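I have placed the structure first, in the form of structure tokens, so that the comments after it can refer back to it.
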Amino acid sequence: MALRSSDTSTSAPTTSRALALLDCGHLADAESICDRILSTNPKHAPAIHILGLTAQAAGRDCLAIERFRRAIELQPTIPDYHNDLGSALANLRRFDESAAAYRQAIRLRPAYPEAHANLGHILAELDQPGSAESAYRRAIQLQPAFAPFHADLANLLRRTGRLDRRDFPQPLWDGTQSRDSHSVIESFVIP
């Protein structure tokens, strides 16, 4: 599953409440708040975006794509909207479109580690291991302490027969950071 970003816009507090409800799994309540917002402002992109997230959480990726595209139409410079569109497209195995959405998110926010990692997942699916490796390495560069990015890279390198522990920052391997980070990496790369 692709990483999902949080809506960081400074919209009315009700969108924050809708996101909190979504994060707790209360999809219908989150949708209800967004519907109320849209009843007074039908072009409220953050509410439309959250409706896309609720649709995606419910497994309705086609509807999520429609909503993400509508939010992008209204506010095309919000990288999270493009990242989430890429995730919904990836769920439907529409990898070329997904990669384009992630690349747009990265163009809008070059220091967006989740989008780089998500692009890496797609490039790996498209059998482009060199490009996937570059995307994962950029995600790690941007957020070096996030162990799942290291695990993604390690898995890619293992699949391509190029795994070498020397490629990874020492704290993730010798236990000096946290035992959990070490365990996460080991659990992903040890067959």
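Does TYR81 fit the bill of being of a type in the set (Ser, Thr, Tyr), under 29 Å from LEU51 (Cβ atoms), part of a helix (DSSP H, G or I) and modelled with pLDDT of 95 or more?
yes
List the residue pairs whose Cβ atoms are under 6 Å apart, where the first residue sits in the stretch 80-109 and is within 15 Å of LEU123 (Cβ to Cβ) and assigned by TED's automatic domain parsing to the domain that holds GLY59, the second is acidic (Asp, Glu) and at pLDDT 95 or above, and the two are 6 or more positions apart or on different chains.
LEU89/GLU97; PHE95/GLU125
Would you pick out the residues in the stretch 79-102 that are more than 16 Å from GLN56 (Cβ to Cβ), over 12 Å from the mean Cα position of the chain (by Cα) and not small (Gly, Ala, Ser)?
Within the stretch 79-102, PHE95, ASP96 qualify.
Can we say LEU63 is aliphatic (A, V, I, L, M), more than 28 Å from ALA139 (Cα to Cα), outside the structural domain of PHE149 (by TED's automatic domain parsing) and surrounded by fewer than 17 Cβ atoms within 10 Å (Cβ to Cβ)? So that I can check it myself, show each step before the final result.
Details: aliphatic (A, V, I, L, M): yes; more than 28 Å from ALA139 (Cα to Cα): yes; outside the structural domain of PHE149 (by TED's automatic domain parsing): yes; surrounded by fewer than 17 Cβ atoms within 10 Å (Cβ to Cβ): yes.
Taking the combined requirement at face value, the residue satisfies it.
The values are calculated or read from the model by the stated rules, or taken from the named source; none is laboratory data. None of these values were measured; they are calculated from a predicted model. Glycine gets a Cβ as well: all are built from the backbone with ideal geometry, and neighbour counts include every protein chain shown.
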